[in-house]
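Data block below; observations after.
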Protein chains: 2
Amino acid sequence: MVGTGFAVSARDGAARAGRLETGRGAVQTPAFMPVGTAATVKGMLPGAVRETGAEIILGNTYHLMLRPGAERVARLGGLHPFMNWPGPILTDSGGFQVMSLAQLRKLDESGVTFQSHIDGTRHHLTPERSVEIQRLLDADITMVLDECTRWPVEEPEAADSMRLSMRWAARSKEAFAPRAGYGLFGIVQGSVFQALREESAKALVEIGFDGYAIGGLAVGEGWETTEQALDVTVPFLPDDRPRYLMGVGRPEDMVGAVRRGIDMFDCVLPTRSGRTGKAFTRRGEINIRNARHAEDPRPIDEACGCPACRDYGRAYLHHLFKADEMLGPILLTWHNLSYYQDLMRALRDAIGAGRLDAYAAAFAAEQAKGDIEPL
Amino acid sequence: MVGTGFAVSARDGAARAGRLETGRGAVQTPAFMPVGTAATVKGMLPGAVRETGAEIILGNTYHLMLRPGAERVARLGGLHPFMNWPGPILTDSGGFQVMSLAQLRKLDESGVTFQSHIDGTRHHLTPERSVEIQRLLDADITMVLDECTRWPVEEPEAADSMRLSMRWAARSKEAFAPRAGYGLFGIVQGSVFQALREESAKALVEIGFDGYAIGGLAVGEGWETTEQALDVTVPFLPDDRPRYLMGVGRPEDMVGAVRRGIDMFDCVLPTRSGRTGKAFTRRGEINIRNARHAEDPRPIDEACGCPACRDYGRAYLHHLFKADEMLGPILLTWHNLSYYQDLMRALRDAIGAGRLDAYAAAFAAEQAKGDIEPL
């Protein structure tokens, strides 16, 4: 096969359960991709990431092009042996981080010029260079360079920004060398404007991609607006290709997005929250630094089988964070990634059983209960 | 059995290989105890610590009494379930850290008063309270409270300090409730003065302990002087009890100490060095942050079976430290602890085979070669 494959195995309303096929293995969808920004999922060995259930991870082109550098990674055999992750890797295009992290950025038709936030060196990122970097990294799924439209924005500016992204998408497709097992995904833009989302989706389908991402959402517009944008975008995407909602999100938001036909997610939330002492549970989020956990021998979530819940009580985890011990972030990251993967598994199972509405209702009811009673 | 047991299984010159028996399992000697200061070996899950070969770890009474507090640990079932380390734990007495970390400390016959370096609270640590704290923690091996004599020091002051420690040792023995599988170790003081070391050793033997530590060495006096102090101390210690050289040390120093009859060690060096990018190898120490490792795909030490060496090249480890990624300290800590445990295993094997001199010579020759040639 040229490109990646995708097969839907079950449907429940707009939701689908399926299988994304890459040259480095299959990914069951709905799938959550842990973020491995700088060639590491922070604090986790790859084997531990895999143990949580993750079948694909995400790498950040912006960070990797600056350090250690795409050419260096290529000389070392690519990202997979470099970081010891043998499974599929999706890399973003660098566009989002250039906008959020880089300095002195300047955008024109050709691409974007910026200064590294690490050492001030100047770089020029074009659609062609982004594709080349991702090839050097040996990414299994390459994302097209796009401009992540700022929020809030007026419609004319959103239209100009989206159309630039569509021209870049065509150049990316042109630059991408098709290979068996490797995929290229386009990214729908258009902010919250229905007509622009439709125009963008149609433009991408016209170019033709292995998968379609929805970008520029969950950037501050509010979740209800995000869902409305999904509702007017998804119908214009091909049914036989995976749909990836970038940068999302909170557990409840992913449930809502899956019900609207989304297949893939990535987000720093489980890893970043874990590092600051926040843990996701069936019954909502808790902050393990809170004093009420100081003598609580119970696990974060007794339904969870991760090492943090299996081997430790809240009191110990609380102590680790109070004492600034590395093992605290390690264990809570592990827990949160497990929670996210367990949620994806439950969504796949619910779709397979045709019980997604009931699952979503039970999920919301459980979350609303809040944390277990203090001892 | 009341107390801990110890049996020598092989001898080679002054060196011994043996077995320390505790209620939570046996420890093969010579043994290195990784330091788990605040109820965690920094950055390592207990299972990983055990995988390196460690059979016993050390906890710090000073840190644990301040945070989370000995009574709290006791209410949570003791240190072992709290931190998920089912094997033996030796706790120090708190004396050394009071001297090196606490503020406004004041020492008198009764004990030492100090302010916590964490929150400024005042504490009074006596030999009796130190034994009680270690019982609350449920330490398998309790250390007597001593005064770690400062360096440099004149003989009269060293004598006063040592004799105070001996009176405290007697009070500790009195306060310690003998239990099957739990041991109490005395600590020889006397700085570098032969007569004082002899007097101290004899005083402790007169009181009677399950094991004998040698304290107040490797505090700046130079390794040759340390070895001389060992030479004049060890002969006065009972042959049928384990001997523990506290706070040591560098790999080459442990080889020298084992040849002088030492059975146990603890040191922060492998863990602390690992966190700052330093790795121990058969051919000496390297700093992985050094630019010459930036594109080197070879492992730190191809003779090592730890995950850092088995799964990664130096280039990746270099990248992790440059990018301040947690996985760098995690992997180098793992490597260094593996190196230390491999060294202990090799020393035990060499003693068992009656080849310790040859082993020590080969060890020194290999170390002198320095790191492998750059690519």
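A single entry from B:107, B:101 fulfils the requirement of being surrounded by fewer than 20 Cβ atoms within 10 Å (Cβ to Cβ), over 23 Å from the mean Cα position of the chain (by Cα) and either in contact (Cβ under 8 Å) with a residue 24 or more places away in the chain or within 29 Å of residue B:86 (Cα to Cα) (or both): B:107. Identify all residues within the range B:123-162 that are among the charged types (D, E, K, R) and closer than 24 Å to residue B:90 by Cα; write none if there are none. Across the range B:123-162, the qualifying residues are B:128, B:129, B:132, B:135, B:138, B:140, B:146, B:147, B:150. Against the test of being of a type in the set (S, T, N, Q), surrounded by 17 or more Cβ atoms within 10 Å (Cβ to Cβ) and over 22 Å from residue A:39 (Cβ atoms), the options A:126, A:142 yield a single qualifying residue, A:126.
Scan the range A:52-76 for residues that are at positive phi and without any contact (Cβ under 8 Å) to a residue 40 or more places away in the chain and the total you get is 1. Among the residues making up the range A:264-293, those that are touching a Pro at 6+ places or on another chain (Cβ under 7 Å) and within 12 Å of chain B (Cβ to nearest Cβ) are A:271, A:274, A:275. Within the range A:82-89, not a single residue is over 13 Å from residue A:147 (Cβ atoms), more than 14 Å from chain B (Cβ to nearest Cβ) and polar (S, T, N, Q).
For beta carbons closer than 8 Å, sequence separation of 6+ or different chains, a first residue in the range A:171-183 that is within 14 Å of residue A:3 (Cβ to Cβ) and a second that is among the aliphatic types (A, V, I, L, M) and modelled with pLDDT under 95, the qualifying pairs are A:178/A:2; A:179/A:2; A:180/A:1; A:180/A:2; A:181/A:1. Take the range B:298-316 and flag every residue that is within 11 Å of chain A (Cβ to nearest Cβ), under 28 Å from the mean Cα position of the chain (by Cα) and buried (at least 22 other Cβ atoms within 10 Å of the Cβ). Matches in the range B:298-316: B:308 only. When restricted to residues that are within 12 Å of residue A:56 (Cβ to Cβ) and in contact with a helix residue (DSSP H, G or I) (Cβ under 9 Å, 6 or more places away or on another chain), the range A:1-25 contains 1. Taking the range B:317-328 on its own, how many of its residues are at the interface with another protein chain (Cβ under 7 Å from one of its Cβ atoms) and touching a residue at least 40 places away in the same chain (Cβ under 8 Å)? Total satisfying the criteria: 1. The set of residues in the range A:317-375 being assigned to a helix (DSSP H, G or I), under 21 Å from residue B:72 (Cα atoms) and of a type outside the set (A, V, I, L, M) consists of A:318, A:319, A:321, A:322, A:328. The condition (being more than 16 Å from the chain's Cα centre (by Cα) and either crowded, with 23+ Cβ neighbours inside 10 Å or away from chain B (no Cβ under 13 Å) (or both)) is satisfied by just one residue among A:11, A:75: A:11. Report yes if some residue within the range B:271-278 is in a strand (DSSP E or B), over 13 Å from residue B:214 (Cβ atoms) and touching a residue at least 12 places away in the same chain (Cβ under 8 Å); otherwise report no. Yes: one or more hits. Screening residue A:315 with (1) out of contact with any Phe, Trp or Tyr (no Cβ under 9 Å at 6 or more places or on another chain); (2) outside the structural domain of residue A:92 (by TED's automatic domain parsing); (3) of a type outside the set (D, E, K, R) gives one miss only, at (1). Of the helices (runs of 4 or more DSSP H) lying entirely inside the range A:23-130, those containing at least 3 residues that are within 19 Å of residue A:182 (Cα to Cα) span A:70-75, A:79-83. Taken over the range B:131-158, the criterion of being part of a helix (DSSP H, G or I) and of a type outside the set (Gly, Ala, Ser) is satisfied by B:131, B:132, B:133, B:134, B:135, B:136, B:137, B:155, B:156, B:157. Pairs are defined by a Cβ separation below 6 Å, a sequence spacing of at least 6 or placement on different chains, a first member in the range B:329-347 that is among the aromatic types (Phe, Trp, Tyr), and a second member that is outside any helix (DSSP H, G or I) and buried (at least 23 other Cβ atoms within 10 Å of the Cβ); the pairs so defined are B:334/B:306; B:339/B:280; B:340/B:32. Taken together, A:40, A:61 contain a single residue that is away from chain B (no Cβ under 11 Å), out of contact with any Pro (no Cβ under 6 Å at 6 or more places or on another chain) and more than 30 Å from residue A:352 (Cβ to Cβ), which is A:61.
The values are calculated or read from the model by the stated rules, or taken from the named source; none is laboratory data. Keep in mind it's a predicted model, so treat the numbers as computed, not measured. Counting neighbours? That spans all protein chains shown, and the Cβs are built from the backbone with ideal geometry, glycine included.
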